[in-house]
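Pasting in a structure now, in structure tokens, and then I'll have a few things to ask.
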Amino acid sequence: MIKVDLSNIYDILFQDNSFQDSLKVPKLATSEEVSSLLRARKLYKALGNNYIPNGFLRAISPKLAEAVARLANACWALGHFPARFKEARIVILHKPGKPSYSNLGT
């Protein structure tokens, strides 16, 4: 188990009134932006949690880009971000000559 120093976090309840200014999203996501992000990905590298290759996502890009843009805009408008969107798979690559990463944060 990794221990984290949270001593500098004063608001542990994260209530709506605890923030001075609300987050303003200056614009909406567009299908062109999503398509651009898909084109920038290497085709068969860094599979996500669903193991769908980027090459497949790029192949269905026009329809996928429109759906993802609409979904992102709906999430921003509703202020709801499904837990599945907050998942990540993190791979720590050990650099030769560096100390062990088994005791992070110590």
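Show me the ranking of peptides 41-48, 53-60 by mean Cβ neighbours inside 10 Å, starting with the highest. Working shown, then result.
Details: 41-48: 10.8, 53-60: 14.6.
Highest-to-lowest ranking by the protection proxy: 53-60, 41-48.
For region 31-106, rounded, prolate or oblate, judged on the Cα gyration tensor with a ≥ b ≥ c (square roots of eigenvalues), a/c < 1.5 rounded, else prolate if a/b > b/c?
Working: a/c = 3.15, a/b = 1.65, b/c = 1.92.
It comes out oblate by the Cα gyration axes.
Provide the per-residue ³J(HN,Hα) series for region 61-78, in order, calculated from phi with Karplus coefficients 6.51, -1.76, 1.60 and θ = phi - 60°, each as a whole number of Hz, with x at glycine and proline positions.
Once θ is set to phi - 60°, the couplings for region 61-78 become 3, x, 5, 5, 4, 5, 5, 5, 4, 5, 5, 4, 5, 5, 4, 4, 5, 7 Hz.
Coordinate-derived values only; no laboratory data. Fair warning: this is a prediction, and the values are worked out from it, not measured in the lab. We place every Cβ from the backbone using ideal geometry, glycine too, and count neighbours over all the protein chains shown.
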